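Only one structure is covered here, and it is reproduced in the block below.
The values are calculated or read from the model by the stated rules, or taken from the named source; none is laboratory data. Since the structure is predicted, the reported quantities are computational estimates derived from the model, not experimental observations. Heads up, the Cβs are rebuilt from the backbone with ideal geometry, glycines too, and the neighbour counts pull from every protein chain shown.
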Amino acid sequence: MKKTVLITGTSSGIGKATVYEFAKMGWNVIATQRTPENEKDFKSYPNVKIYTMDVTDLDSIKHTMSQAQKDFGKVDVVINNAGYGVDGAFEAMSDEIIEKQFNTNVFGLMRVTREAIKHMRASGGGMIIQISSMGGKITFPLYSIYHATKFAVEGFTESLHYELAQFNIKMKLIEPGPIVTDFYGRSRQFIKPTDTNQYDGFIQKFNDAAQKVLKDAEGPEVVAKIIFKSATDNSNQMRYAVGKPGPMLLMLRKLLSDKLYFLMVRKSYNL
């Protein structure tokens, strides 16, 4: 019997690549988007069905989870991929910007996770895969609130796995490094103060260094393959680092003291 996966945030990037990966492997794929009427790329995959879901709207999540259960009987894996990144000077970030970032990256993920638990507990188990980031374990300049959301996802998921083991529900965390997606393009929301130019030099150094990193970044397909691996390797491994130089940096953060790690980051950004 075919297994079924539900993936949030599938309109581009990692989410879209993950739809392709699971579809190619023969799974039933529930691809959720806020505006599915714009989706044209999945038509050639008969095992992909597109649903409307906005992770900031609980009624939307409940409706889609209920419909998915009716259509497929059981959802074996839920992948929380919906999210975006805000970067820039924290001083210039309004409460509205901060709350919106958390509402999608943290509270949205929690809403989907909660509804998935209800379904999986009743159906005998399953797996929930959270798309976190290397930025959930290590930090870089100008990403303070994005890092805050991903650190929250890491702590939330790690704690949650204890209580869900009794229901045969596994939790997984995917920690991508720099990946070529819209995260750094049209989806980027950069915040800069308008009442001072004192951050300008710092921001310029950051942007110059970030562009160099992106030149060597891999595509979302490498992350999709690791997501599929995490869903099918039958292991109790929780964290999967992917996307150079992410795994190496995560290892260095474990080995280095705060002082040495901070020095390394400052040197890499010429700060």
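Taken over the stretch 129-146, the criterion of being surrounded by 18 or more Cβ atoms within 10 Å (Cβ to Cβ), over 12 Å from the mean Cα position of the chain (by Cα) and not in a loop (DSSP other than H, G, I, E, B) is satisfied by Ile145 alone. Tell me, please, whether a residue that is touching a helix residue (DSSP H, G or I) at 6+ places or on another chain (Cβ under 9 Å) and without any contact (Cβ under 8 Å) to a residue 24 or more places away in the chain can be found in the stretch 243-253. Yes, some residue in the stretch 243-253 is touching a helix residue (DSSP H, G or I) at 6+ places or on another chain (Cβ under 9 Å) and without any contact (Cβ under 8 Å) to a residue 24 or more places away in the chain.
Figure legend. Inter-residue proximity from the stretch 193-211: first residues under 14 Å from Lys267 (Cα atoms) and among the basic types (Lys, Arg), second residues at pLDDT below 95 and buried (at least 16 other Cβ atoms within 10 Å of the Cβ), beta-carbon distance below 7 Å, spacing 6+ or different chains. Indicated pairs: Lys205/Tyr269. If you take the residues in the stretch 6-60 that are among the polar types (S, T, N, Q) and assigned to a helix (DSSP H, G or I), which one is surrounded by the most Cβ atoms within 10 Å (Cβ to Cβ)? Going through the qualifying residues, I end up with Thr18.
For Lys244, the stated conditions hold: it is charged (D, E, K, R) and in a loop (DSSP other than H, G, I, E, B). Taken over the stretch 76-99, residues that are in contact (Cβ under 8 Å) with a residue 12 or more places away in the chain, closer than 20 Å to Asp57 by Cβ and surrounded by fewer than 20 Cβ atoms within 10 Å (Cβ to Cβ) amount to 3.
Within the stretch 166-202, restricting attention to residues that are of a type in the set (A, V, I, L, M) and modelled with pLDDT under 95, the residue that is farthest from Ser12 (Cα to Cα) is Ile191. Evaluate the following for Ile117: is it under 22 Å from Lys74 (Cβ atoms), in a helix (DSSP H, G or I) and touching a helix residue (DSSP H, G or I) at 6+ places or on another chain (Cβ under 7 Å)? In short, yes.
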